[in-house]
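Peer 1: Before I ask anything, here is the structure I am working with.
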Amino acid sequence: MHTALLQSSGRPGDVAHNLRVLDDAARAAAANGAGLLAAPEMFLTGYAIGDDVPRLAEPADGESADAIAEIATRHGLAVAYGYPERDGETVYNSVQLISADGTRLANYRKTHLFGCFERDHFTPGDQPVVQAELAGLRVGLMICYDVEFPENVRAHALAGTDLLLVPTAQMHPFQFVAESLVPVRAFENQMYVAYVNRTGPEGEFEFVGLSTLAGPDGVARARAGRGEELVSADVDPAFLAASRENNPYLRDRRPGLYVSLV
């Protein structure tokens, strides 16, 4: 499945503009043969929106979800996007995956909140493994800081995730996560990892770009630079199966030795 990563911060606070950016990216990705487009953490609204988080938060089946379903259907590809999710009086930092026929396949709420901004505005999710079937692949969802916890990604590996989508808002000076940690996570867990970042200054943050699609061999199939960019690469089930056959990490685990971890 050809997979596209939209590295963009859109326009913080302007949902309508960001939907247009997503529409343009979906058009370009589909023209390049992509079956999936992934956008960054909080792409719908912007990340550094402060006290506008509650005002701009929407339910998983809200108006913007309908608009993105229409984009997915019109361009014939699945779309994953980050957004602030409202559920009653509670707000989560979430990512939703919508299929090419407009079906809402999966919704994940960030389980590990990073920094004072996130802890002040969001409630952490409590479901670590969220998956959906897409084009013969088992796709898992995670957000930014979550991928930095090896237990999180290993849980996905044990649940059979083939492609892990990680919308992120990775900021300076932590670019080593995109450069080094993400390919290692892909290798040690024998999966593809798509890490799609924001870029440039936003409020008090400086996002570093470097969006990456890493394969199970630890090699980046696509890597963006520091600016606005749309990159893409193939997620190959045959290569993944061969890699898993040759790499013994998951088979050689000794769970009885790891009881102290939990």
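The values are calculated or read from the model by the stated rules, or taken from the named source; none is laboratory data. Bear in mind the structure is a predicted one, so any value in this text is a computation, not a measurement. Every residue, glycine as well, gets a Cβ built from its backbone with ideal geometry; the counts of neighbours run over all protein chains shown. Heads up: the accessible areas ignore ligands, DNA and RNA and are worked out on the full protein's heavy atoms, side chains in. Shrake-Rupley method; radii C 1.70, N 1.55, O 1.52, S 1.80 Å.
Peer 1: Select from region 86-98 the residues that are open to solvent by less than 10 Å² (accessible area, probe 1.4 Å) and not aliphatic (A, V, I, L, M) and list them in ascending order.
Peer 2: ASN93, SER94, GLN96
Peer 1: Out of THR161, THR168, THR123, report the one residue that is within 16 Å of VAL95 (Cβ to Cβ) and in contact with a Cys (Cβ under 7 Å, 6 or more places away or on another chain).
Peer 2: Only one candidate passes the filter, namely THR168.
Peer 1: Those residues that are under 25 Å from SER211 (Cα atoms) and not aliphatic (A, V, I, L, M), I need them from region 30-70; list them, please.
Peer 2: Scanning region 30-70 gives ASN32, GLY33, GLY35, PRO40, GLU41, PHE43, THR45, GLY46, TYR47, GLY50, SER64.
Peer 1: Follow-up question, since we're still on this one. Return the pairs, sorted by first residue and then second, in which the second residue is modelled with pLDDT of 95 or more and surrounded by fewer than 15 Cβ atoms within 10 Å (Cβ to Cβ), the first residue lies in region 235-262 and is charged (D, E, K, R), the beta carbons are less than 7 Å apart, and the residues are 6+ apart or on different chains.
Peer 2: Listed by first residue and then by second, the contacts come to nothing, as the list is empty.
Condition check ((1) at negative phi; (2) among the β-branched types (Val, Ile, Thr); (3) touching a residue at least 60 places away in the same chain (Cβ under 8 Å)) across all residues:
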site	(1), (2), (3)
HIS17	yes, no, no
ASP23	yes, no, no
ALA26	yes, no, no
ALA29	yes, no, yes
LEU36	yes, no, yes
GLY46	no, no, yes
ASP52	yes, no, no
ASP61	yes, no, no
SER64	yes, no, no
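Peer 1: Tell me yes or no: at least one residue of region 124-140 is part of a helix (DSSP H, G or I) and either touching a residue at least 60 places away in the same chain (Cβ under 8 Å) or of a type in the set (A, V, I, L, M, F, W, C) (or both).
Peer 2: no
Peer 1: Those residues that are among the aliphatic types (A, V, I, L, M) and over 17 Å from LEU134 (Cα atoms), I need them from region 219-244; list them, please.
Peer 2: VAL219, ALA220, ALA222, ALA224, LEU230, VAL231, ALA242
Peer 1: Next question. For region 96-123, name all the residues that are touching a residue at least 40 places away in the same chain (Cβ under 8 Å), part of a strand (DSSP E or B) and touching a Lys or Arg at 6+ places or on another chain (Cβ under 8 Å).
Peer 2: Hit for region 96-123 is LEU97, nothing else.
Peer 1: Something else now. Return yes or no: is ARG119 within 30 Å of ASP51 (Cβ to Cβ), open to solvent by 60 Å² or more (accessible area, probe 1.4 Å), touching a strand residue (DSSP E or B) at 6+ places or on another chain (Cβ under 7 Å) and not hydroxyl-bearing (Ser, Thr, Tyr)?
Peer 2: Taking the combined requirement at face value, the residue does not satisfy it.
Peer 1: Here's another thing I want to ask about it. What about SER99, is it under 19 Å from the mean Cα position of the chain (by Cα), more than 21 Å from SER8 (Cβ to Cβ) and of a type in the set (Gly, Ala, Ser)?
Peer 2: yes
Peer 1: Now, a different point. Given ASP66, ASP101, ASP126, ASP24, which one is among the charged types (D, E, K, R), more than 26 Å from VAL231 (Cα to Cα) and open to solvent by 40 Å² or more (accessible area, probe 1.4 Å)?
Peer 2: ASP126
Peer 1: Pick out the one residue from GLU206, GLU202, GLU148, GLU188 that is modelled with pLDDT under 95 and more than 28 Å from ASN32 (Cα to Cα).
Peer 2: When all the criteria are applied, what remains is GLU202.
Peer 1: While we're here: Of the residues TYR81, TYR47, which is over 15 Å from GLU202 (Cβ atoms), buried (at least 16 other Cβ atoms within 10 Å of the Cβ) and touching a helix residue (DSSP H, G or I) at 6+ places or on another chain (Cβ under 9 Å)?
Peer 2: Checking each option against the conditions leaves just TYR81.
Peer 1: Next up: Quick one: is VAL193 part of a strand (DSSP E or B), closer than 24 Å to PHE239 by Cβ and open to solvent by less than 60 Å² (accessible area, probe 1.4 Å)?
Peer 2: yes
Peer 1: I would also like to ask the following. From the list ARG185, ARG154, which one is assigned to a helix (DSSP H, G or I) and surrounded by fewer than 24 Cβ atoms within 10 Å (Cβ to Cβ)?
Peer 2: One residue alone meets the criteria, ARG154.
Peer 1: Taking interchain pairs and intrachain pairs at least six residues apart, which have beta carbon atoms under 8 angstrom, with the first residue in region 202-227 and on the phi > 0 side of the Ramachandran plot and the second assigned to a strand (DSSP E or B) and surrounded by fewer than 16 Cβ atoms within 10 Å (Cβ to Cβ)?
Peer 2: Pairs that qualify, where the first residue is on the phi > 0 side of the Ramachandran plot and the partner is assigned to a strand (DSSP E or B) and surrounded by fewer than 16 Cβ atoms within 10 Å (Cβ to Cβ), are GLY209/GLY200.
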